[in-house]
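Working notes for the structure below.
The values are calculated or read from the model by the stated rules, or taken from the named source; none is laboratory data. Worth saying up front: this structure is predicted, and the values here are computed from it rather than measured. So basically every Cβ, Gly included, is an ideal-geometry build from the backbone, and we count neighbours across all protein chains shown. All accessible areas refer to the heavy atoms of the entire protein, side chains included, with ligands and DNA or RNA removed. Shrake-Rupley method; radii C 1.70, N 1.55, O 1.52, S 1.80 Å.
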Amino acid sequence: MVGRSRRRPWRAVRARAALGAALVVGLFLVVGSFVFVALLSVSLHGGVAQSASSEAEVAAARVEQSGTARLPESDDQLLVLVDADGQVLESSDDEIELPSPVPSGDTVDATVDDEHVLFAAEDVEVDGHELRVLAGRSLDDVDDAVSTVAALLAVAVVVLVVLVAVTTRVVVGRALAPVEQIRREVAGLEAGELHRRVEVSPAGDEVSRLAETMNEMLARLDRAQAAQRRFVSDASHELRSPLASMRQYAEVAVAHPDRVEVTELAGTVLAEGARVQDLVDSLLLLARLDERSRHGAGRAVDLDDLLLAEASRVRALGVVRVDASGISAAQVQGDETILARVVRNLVDNAVRHARSTLTISSSEAHGRVRLVVEDDGAGIAPQDRGRVFERFVRLDEARARDDGGSGLGLAIVADAVRLHGGSVEVETGTAGGARFVVTLPGVAPPA
C-alpha cells in the first residue's frame with residue numbers, strides 16, 4: 001500500500017481535497033468571469049450605442065431644420081446620410097466603409113480607418129423623402145477595455161485556483177497529520193504491546209475522537225488477549241491434572257503390577273477420562289458461543305419441559321430433594337441444545353452446593369421468561385457473585401475438584417444466556433443459599 005501511494009500521489013486525501021477545491025473554485029470563477037466580461041461588454045457597448053444615438057438625433061434634427069438632404073458640418077463626428085433604399089448619399093469621412101445597401105436597423109457596425117465603429121440610425125423626412133442619418137462612435141476603446149479585463153481575470157483565476165489548491169493541500173495535510181501519527185503508532189504495535197495507547201489531542205475534534213476510539217479498541221483487544229492467555233493457561237492446568245493422574249497410575253501399574261489391580265486402574269482412567277471429556281466438551285461449547293456473536297432466530301423451546309426433565313434426573317439420583325412445584329409453562333426462542341445445557345449446568349451447580357433441597361421454578365410475564373434455580377447451601381458472598389461467571393473460577397477449589405467441577409459451567413451459562421438476549425444474576429435464596437435468576441425473551445406472539 002505504501003508503494004502504491006507513492007506511485008499515485010493524487011490518491012492521497014489531501015491531493016484529492018486540493019483537486020476538488022480547485023475544480024469547484026475554478027469552475028465558479030470561470031463562469032463568474034465569463035458572466036462579468038459579458039455584462040461589462042454589454043454595458044460598455046450600450047453606453048457607446050446611447051451616445052451614438054444621441055448624436056444621430058441631433059444631426060437628424062439639424063438636417064430636418066436645413067430642409068436639404070445634406071449633413072451638417074462637423075469636424076469630430078462620423079456622420080452618414082443614406083436614402084430609403086440604403087444607398088449612401090453623403091458621409092463626413094471618405095474612409096467610412098459601410099455595406100451597400102446599408103442594412104436597416106437601429107445600429108450598424110462598420111470600419112473607419114481600421115477602427116471598429118458603431119453607427120446609430122435616426123430617420124428624418126426632407127422634401128417628402130425618407131432619409132436616415134447615421135452617427136458613429138468608435139468601439140476600439142471598449143474592445144480594448146473588455147480584452148484587458150478578460151486577460152486580468154484569466155490571470156487572477158489561475159492564481160486564485162493555484163492558491164486555493166495549495167492552501168487546501170496544506171490545511172488538509174496539517175489536519176490529517178495527527179491521523180497519520182495515529183496510523184504509524186498503531187502500525188508499529190506488536191502483539192505484546194497492546195497496553196500502549198495513542199496520544200489524544202486536547203482539541204476535542206474528530207481526530208481526538210478517533211484517537212479515543214482507537215484507544216478503546218486497543219483496550220478491548222488487550223483485555224481479550226489477556227483473557228485468551230488466561231483461558232489457555234487455565235485450560236492447560238485443568239487438563240494437566242487428570243492426565244498426570246492417569247499417567248501416575250499407569251506408571252505404578254507398570255512398575256509394580258502386584259500393587260495396582262486392573263479394576264482400580266480402569267476405574268481411575270475412566271474417571272479421569274470423563275473429567276477430560278467434560279472439560280473438552282465445555283471448552284468446545286465455549287468456543288462455539290464465542291464465535292456466535294448473535295443468536296439466530298432458532299425455534300420455540302418449551303423451557304418448562306427442560307426443567308421438568310432435569311428435576312426427574314436429579315430425583316433419580318436421590319442426593320437431594322427437588323421442589324419443582326413452581327415450574328409453569330414458559331417458551332423461549334433459541335437453540336434447544338444450548339438452553340438444555342444452561343439448565344443442566346445451573347441444576348448441577350445447585351446440587352453440588354445444596355444441603356438437602358433444590359428448588360426449580362419458571363414463569364412468564366410481559367414477554368419475558370424467568371427461570372430460577374435455588375439451593376439451600378452456604379450461598380455466595382456479594383463480592384463473589386460477579387466472579388462465579390468467569391471461566392475456571394471456583395470459590396471452593398478443593399470441593400469443586402472433588403465433585404468434578406471444571407469451573408466452566410457457570411461461564412457457559414452466562415455466555416449462552418447473553419447469546420439468547422437474556423441476563424443471569426445471583427441472589428440470596430429464601431433458605432440462605434444461592435439463587436440463580438435467568439431472564440430470557442419470550443416467544444413473540446404470531447402477527
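Restricting the first member to the range 339-366 and to residues that are touching a residue at least 40 places away in the same chain (Cβ under 8 Å), and the second to residues that are part of a helix (DSSP H, G or I) and not aliphatic (A, V, I, L, M), the beta-carbon pairs closer than 6 Å and six or more apart or on different chains are V343/E310; N345/G409; N349/G409; S362/D304. Taken over the range 161-211, the residue count meeting the criterion of being in contact with a helix residue (DSSP H, G or I) (Cβ under 8 Å, 6 or more places away or on another chain), of a type in the set (D, E, K, R) and within 25 Å of L221 (Cβ to Cβ) is 3.
Based on this model, can you work out whether V117 counts as at pLDDT 80 or above and either hydrophobic (A, V, I, L, M, F, W, C) or assigned by the TED database to the domain that holds G47 (or both)?
yes
Table: residues versus (1) open to solvent by less than 70 Å² (accessible area, probe 1.4 Å); (2) modelled with pLDDT of 75 or more; (3) assigned to a helix (DSSP H, G or I).
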{"residue": "S208", "(1), (2), (3)": "yes, yes, yes"}
{"residue": "R220", "(1), (2), (3)": "no, yes, yes"}
{"residue": "A226", "(1), (2), (3)": "yes, yes, yes"}
{"residue": "E238", "(1), (2), (3)": "yes, no, yes"}
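Exactly one residue out of L71, L89 is within 19 Å of V112 (Cα to Cα), outside any helix (DSSP H, G or I) and either open to solvent by 60 Å² or more (accessible area, probe 1.4 Å) or touching a Cys at 6+ places or on another chain (Cβ under 9 Å) (or both), and it is L89. Of the strands (runs of 3 or more DSSP E) lying entirely inside the range 99-200, those containing at least 3 residues that are open to solvent by 70 Å² or more (accessible area, probe 1.4 Å) and on the phi < 0 side of the Ramachandran plot span 115-126, 129-138.
A quick yes/no check of all residues on (1) among the basic types (K, R); (2) at pLDDT 85 or above; (3) within 45 Å of the chain's Cα centre (by Cα); (4) part of a strand (DSSP E or B):
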{"site": "N345", "(1), (2), (3), (4)": "no, yes, yes, no"}
{"site": "I360", "(1), (2), (3), (4)": "no, yes, no, yes"}
{"site": "V388", "(1), (2), (3), (4)": "no, yes, yes, no"}
{"site": "P446", "(1), (2), (3), (4)": "no, no, yes, no"}
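The residue that is nearest to E310 (Cα to Cα), counting only those in the range 328-350 that are in contact with a strand residue (DSSP E or B) (Cβ under 9 Å, 6 or more places away or on another chain) and open to solvent by 30 Å² or more (accessible area, probe 1.4 Å), is A340.
Scanning the range 312-340 for residues that are farther than 25 Å from G377 by Cα and in a helix (DSSP H, G or I) returns E336, T337, I338. Exactly one residue out of V63, V35, V82, V58 is in the same structural domain as V117 (by the TED database) and out of contact with any Pro (no Cβ under 9 Å at 6 or more places or on another chain): that is V35. Taken residue by residue, the range 81-104 has at least one member that is modelled with pLDDT of 80 or more, among the acidic types (D, E) and farther than 30 Å from F36 by Cα.
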